[in-house]
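S.K.: Have a look at this one.
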Amino acid sequence: MFITLEGIEGCGKTTQVERLARFLEERRVPHVVTREPGGTRLGGYIRRMLLDRDHGEMEGLTELLLYAADRAQHVAEVIQPALASGRWVVCDRFADATTAYQGYGRGQNLDLVHRLNLVATQGVWPDLTLLLDCSVEVGLDRAQRRILAGASPEREDRFERQVQEFHLRVREGYLRLAEQDAVRIKVLDATLDPDQVHEEILSLLEPSIERWTNGTDRSGGVVWQKGSG
Ligand code: TMP
């Protein structure tokens, strides 16, 4: 089972990733928790390059290719082997983030983004994507508080510095993706209390956990063959 969490800055997905991981531990479901960018050693370098606010000169195409490079390494080194060995993978952002941020947010050609996603993922695609949706005002306010409280390991990055319109486009992009693939992408109200969001996530996952626990489905993720996304 391959689960990804997505959303704009400050949507609370990192908290939900941690809580989901704790739940899987309690249920003794073997799993890997990872993230993009930066889910591998090499990806760590790419993450620093991408987020450093001193890299304002980075071209949109360079940015897109760096996310694709990070993902190619991540899928080959972490995600694919974990799924192949029957473990669940919980990933904080994945290919939908590139469509939302680089495609809708930055205006990179959506067909190019789609093709790069296909190449980088080698067809490894999430079974379930949890889109934590909130308004840009709420999200950016939370992200700002996190930085001021020193709770974020990184200082305000290149993305958090973007103007409001950029984040509006990213949110719209995510919602459009959810409309196009309503079976895979579940939209959750991220303004709810974190406990409530967690409960909703668990109710979405319960059937899969059930199948896993009674051994009727121990497959490791799906290979994506659809022509969208
Ligand atoms: P994070 O804050 O969730 O760790 O993500 C780091 C930033 O990278 C965040 O601003 C979103 C951005 N991002 C993209 O622009 N495209 C992508 O494909 C991914 C995975 C992240």
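S.K.: Over the chain, what is the relative contact order in whole percent, taking alpha-carbon pairs under 8 Å and six or more residues apart?
M.R.: Worked out over the chain, it gives 33 percent.
S.K.: Let me ask you something else. Determine the calculated [θ] at 222 nm for the chain from helices alone, applying -39500 (n - 2.57) to every DSSP H run no shorter than 4 residues and normalising by the residue count; nearest 500 deg cm²/dmol.
M.R.: It lands at -15000 deg cm²/dmol.
S.K.: Would you work out the charge dipole size for the chain about its Cα centre, treating the Cβ of every Lys and Arg as +1 and the Cβ of every Asp and Glu as -1, and quote it to the nearest 20 debye? Present the calculation step by step, with values, prior to reporting the outcome.
M.R.: On the way: 29 positive and 36 negative charges, 120 e Å.
Around 580 debye, computed over the chain.
S.K.: Let me ask you something else. Each residue of the stretch 203-209 in turn: what ³J(HN,Hα) in whole Hz from Karplus with 6.51, -1.76, 1.60 and θ = phi - 60°, glycine and Pro shown as x?
M.R.: 5, 5, 8, 3, x, 5, 5
S.K.: Find the accessible area per residue for the stretch 31-173; the probe is 1.4 Å, ligands and nucleic acids are left out, and the unit is Å². Numbers along the way, then the final one.
M.R.: Details: 6410 Å² over 143 residues.
For the stretch 31-173, the solvent-accessible area averages 45 Å² per residue.
S.K.: Beyond 23 Å, what share of the Cα-Cα pairs of the stretch 77-199 remains, rounded to the nearest whole percent?
M.R.: It works out to 40 percent of all Cα pairs.
S.K.: Okay, next question. Leaving out ligands, DNA and RNA, what percent of the accessible area of the stretch 2-214 is carbon and sulfur, probe 1.4 Å?
M.R.: Carbon-and-sulfur percentage of accessible area, whole number: 51.
S.K.: With a cap of 16 neighbouring Cβ atoms within 10 Å, and only residues DSSP puts in a loop, list the trypsin sites (Lys or Arg not before Pro) found in the stretch 1-55.
M.R.: In loop regions of the stretch 1-55 (DSSP not H, G, I, E or B), the sparsely surrounded trypsin sites (Lys or Arg not before Pro) are Arg27, Arg28, Arg53.
S.K.: Just to be sure I understand: if I project the alpha-carbon convex hull of the stretch 1-83 onto a plane and average over all orientations, what area do I get in nm²?
M.R.: 6.2
S.K.: How big is the equivalent ellipsoid of the chain along its three axes, where each semi-axis is √(5λ) from the Cα gyration tensor, reported in whole Å from largest to smallest?
M.R.: 26, 21, 17
S.K.: Still on this structure, I have one more. Tabulate in residue order the Karplus-calculated ³J(HN,Hα) for the stretch 176-186, using 6.51 cos²θ - 1.76 cosθ + 1.60 with θ = phi - 60°, rounded to whole Hz; enter x for Gly and Pro.
M.R.: My calculation for the stretch 176-186 gives 5, 4, 5, 5, 6, 9, 5, 6, 7, 9, 9 Hz in order.
S.K.: If packing is taken as the average number of other Cβ atoms within 10 Å across a peptide's residues, how do 121-127, 162-168 rank, most packed first?
M.R.: My ranking of the peptides, most packed first, is 121-127, 162-168.
S.K.: Sorting Leu20, Leu175 by accessible area (1.4 Å probe), largest first, what list results?
M.R.: Leu175, Leu20
S.K.: Compute the helix-to-body angle for 41-51: its Cα long axis versus the longest principal axis of the chain, expressed 0 to 90° and rounded to tens.
M.R.: Orientation of helix 41-51: about 40 degrees from the principal axis.
S.K.: Return one number: the angle in degrees, 0 to 90 and rounded to the nearest 10, between the long axis of the Cα atoms of helix 13-26 and the longest principal axis of the Cα atoms of the chain.
M.R.: Approximately 20 degrees, to the nearest 10.
The values are calculated or read from the model by the stated rules, or taken from the named source; none is laboratory data. Computed from a prediction, not measured in an experiment: that's the story for all the values here. Virtual Cβ from ideal backbone geometry, glycine too; neighbours counted across all protein chains shown. We work out accessible area using only protein heavy atoms, side chains counted, and drop any ligands, DNA or RNA first. Shrake-Rupley method; radii C 1.70, N 1.55, O 1.52, S 1.80 Å.
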